[in-house]
Amino acid sequence: DSYPMGGRAVGVTGNWDVMPRLAQEISTDHATYIEVIKNWLVEQNIPEPVVEINQILHVDIEGDGTDEILISASHFVEPTGHSVAVGDYSVIIMRKVVGNSVETILIVADYYYQAVEIQFPLTYAAIFVADLNGDSILEVLIGVERWEGNGVIVYDVNGTNVQMDFNIICGL
């Protein structure tokens, strides 16, 4: 079966269920997650961030009965994708219950601390979760866009460790 991935495609062949658990979207105006992104950006030395959450997904990535939350947020002052301003960013973090607390874990991010006229920044979005290798643990597929290019990065989550499995980004 095929599943929508925002104009991108990843092929998987095998005899296992690629979608054993489906991700559900949460409203991007959820006050708790707006505060989480704001605090994260302040910790990354963006003192007064403009919080723009693009997507929030919740899904049980590891199949342990506890959902993880994936938050995608990006802000760029200049909308054409040519330049960056101080405080621009694109970030995806994961909120995960570890023991008796909730941890915030970085998946991928770019932060801009100075204005650059010709930068062509990357914008990240958590587009999909799927079991790509048949181990019953979902991989996180990140859509990547930039001026005249796009691609997919696949991350493996193991507890609080996040590792890039592979990526392909095409552009002119």
#### Entry: Flag for Glu52 being farther than 23 Å from Val98 by Cα, open to solvent by 20 Å² or more (accessible area, probe 1.4 Å) and either at pLDDT below 95 or of a type outside the set (A, V, I, L, M, F, W, C) (or both)
yes
### Query
Given the stretch 46-143, what strands (runs of 3 or more DSSP E) lie entirely inside it while holding 1 or more residues that are touching a Gly at 6+ places or on another chain (Cβ under 9 Å) and touching a residue at least 24 places away in the same chain (Cβ under 8 Å)?
68-75, 89-98, 101-111, 123-130
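Let's see how each residue does on (1) buried (at least 20 other Cβ atoms within 10 Å of the Cβ); (2) closer than 28 Å to Asp156 by Cβ:
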| position | (1), (2) |
| --- | --- |
| Ala23 | yes, yes |
| Thr28 | no, yes |
| Ala31 | no, no |
| Tyr89 | yes, yes |
| Asn100 | no, yes |
| Ile105 | no, yes |
### Task
Pull up the stretch 107-129, narrow it to residues that are of a type in the set (Gly, Ala, Ser) and under 21 Å from Ile142 (Cα atoms), then point me to the one that is least open to solvent (accessible area, probe 1.4 Å).
Ala126
#### Entry: Test for Val12: is it open to solvent by 20 Å² or more (accessible area, probe 1.4 Å), farther than 19 Å from Val162 by Cα and out of contact with any Cys (no Cβ under 8 Å at 6 or more places or on another chain)
yes
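One line per residue, one yes/no per condition, for (1) farther than 30 Å from Asp17 by Cα; (2) of a type outside the set (D, E, K, R); (3) modelled with pLDDT of 95 or more; (4) touching a strand residue (DSSP E or B) at 6+ places or on another chain (Cβ under 7 Å):
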residue	(1), (2), (3), (4)
Ile34	yes, yes, yes, yes
Ala73	no, yes, yes, yes
Phe76	yes, yes, yes, yes
Thr80	yes, yes, no, no
Ala85	yes, yes, yes, no
Tyr89	yes, yes, yes, yes
### Query
Looking at this structure, is Val129 of a type in the set (A, V, I, L, M, F, W, C), closer than 25 Å to Phe166 by Cβ and over 10 Å from the mean Cα position of the chain (by Cα)?
yes
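The values are calculated or read from the model by the stated rules, or taken from the named source; none is laboratory data. Here the structure is a predicted model, which means the values were calculated and not measured. Virtual Cβ from ideal backbone geometry, glycine too; neighbours counted across all protein chains shown. Side chains are part of the model used for accessible areas, which takes the heavy atoms of the whole protein and leaves out ligands, DNA and RNA. Shrake-Rupley method; radii C 1.70, N 1.55, O 1.52, S 1.80 Å.
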